[in-house]
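Trainee: One structure, as structure tokens, below. Some questions next.
Read the figures in this text as sums done on the coordinates, not as results from a lab. Just so you know, these numbers come straight off a predicted model, no measurement behind them. We place every Cβ from the backbone using ideal geometry, glycine too, and count neighbours over all the protein chains shown.
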Amino acid sequence: MSGSRVVLVDDDSVIVDSLAFLLEVEGFKVAGAATDLAGAMELAKSVEADVAVLDINLRRELVYPAADELIARNIPVLFTSVRPRDLPARFASTPFLEKPCLPEVLIDRIERLSSQVEAMRLAAKRNLEASASRLLPTLILCSNVNHSAARDLLPCWQACPIVPIRNAMARRSANSGPAPCPI
């Protein structure tokens with residue numbers, strides 16, 4: 001998915017630069033790049049990204065701690081290696097590409113991961129909106145607020161009637177019931 005932010009980690013700076021160029025040509029944004037585990041860990045803890053492409057073996061250090069951190073932050077990982085797939089059990093479902101691979105294959109995998117991330121974000125947003133709409137009151141009580149401004153600030157409450165709090169309290173006390181909680 002063009003525009004997605006990608007993290008690149010590979011111990012060969014020429015590969016990192018080549019991949020960065022390829023991704024930018026394809027419309028992706030490189031959110032960060034590292035050539036060693038220390039740099040990968042720093043990125044993993046702070047980078048804002050949609051996908052991470054990680055070479056497994058970084059000069060005799062394995063990238064798994066950085067992968068754990070990225071996955072914990074809900075950033076999907078695509079492992080790459082010149083060796084055949086031999087991952088720890090915790091990464092059994094993590095995508096893997098054996099190097100060298102065709103650029104089209106790499107781009108396709110990144111696009112698929114980006115699409116999955118976007119689909120999950122949209123689903124989470126829809127679930128949040130659906131949950132919020134079930135929890136919203138059917139009445140918004142406001143005091144000293146321009147009613148249309150309140151609706152602009154709370155777009156998910158567009159369908160809820162807005163009643164000035166004084167009128168609602170007057171109606172409630174007229175019915176001799178207890179006063180509503182002002183919170």
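Trainee: Grab the Cα-Cα distance for Val105 and Ala124, subtract it from 0.36 nm times how many residues apart they are, and report the gain in nm with one decimal.
Mentor: Working it through step by step, the gained length comes to 4.0 nm.
Trainee: At what distance in nm do the modelled label points of Ala72 and Val14 sit from each other, each positioned 7 Å from its Cα along Cα→Cβ?
Mentor: 3.6 nm
Trainee: Continuing with the same structure: For Glu24 and Arg83, what does the FRET efficiency come to when R0 = 22 Å and r is the distance between their Cβ atoms, rounded to the nearest 0.05?
Mentor: FRET efficiency, Glu24 to Arg83: 0.20.
Trainee: Looking at Ala31, Ala119, Val51, which one has the Cα that reaches farthest to the positive end of the dipole of the range 5-130 (charges on Cβ: Lys, Arg +1; Asp, Glu -1)?
Mentor: Value: Ala119.
Trainee: How large are Rg and Dmax for the range 84-133 when only the alpha carbon atoms are used, in Å?
Mentor: Gyration radius and largest Cα-Cα distance of the range 84-133: 15.9, 50 Å.
Trainee: Also, quick follow-up: Once you compute Rg and the Kirkwood Rh from C-alpha atoms, what is the Rg to Rh ratio for the range 69-110?
Mentor: 0.98
Trainee: May I pose another question? Expressed as cubic angstrom per residue, what is the convex hull volume of the alpha carbon set of the range 5-130?
Mentor: Per residue, the Cα convex hull of the range 5-130 comes to 104 Å³.
Trainee: While we're looking at this one, here's another question. Along the charge dipole of the range 1-109, Cβ charges K/R +1 and D/E -1, which of Ala20, Pro84, Leu8 sits furthest on the positive end?
Mentor: Pro84
Trainee: Sticking with this one: Can you order the peptides 25-35, 51-61, 89-99 by their average number of other Cβ atoms within 10 Å per residue, highest first?
Mentor: Going by the mean number of other Cβ atoms within 10 Å, highest first, we get 51-61, 25-35, 89-99.
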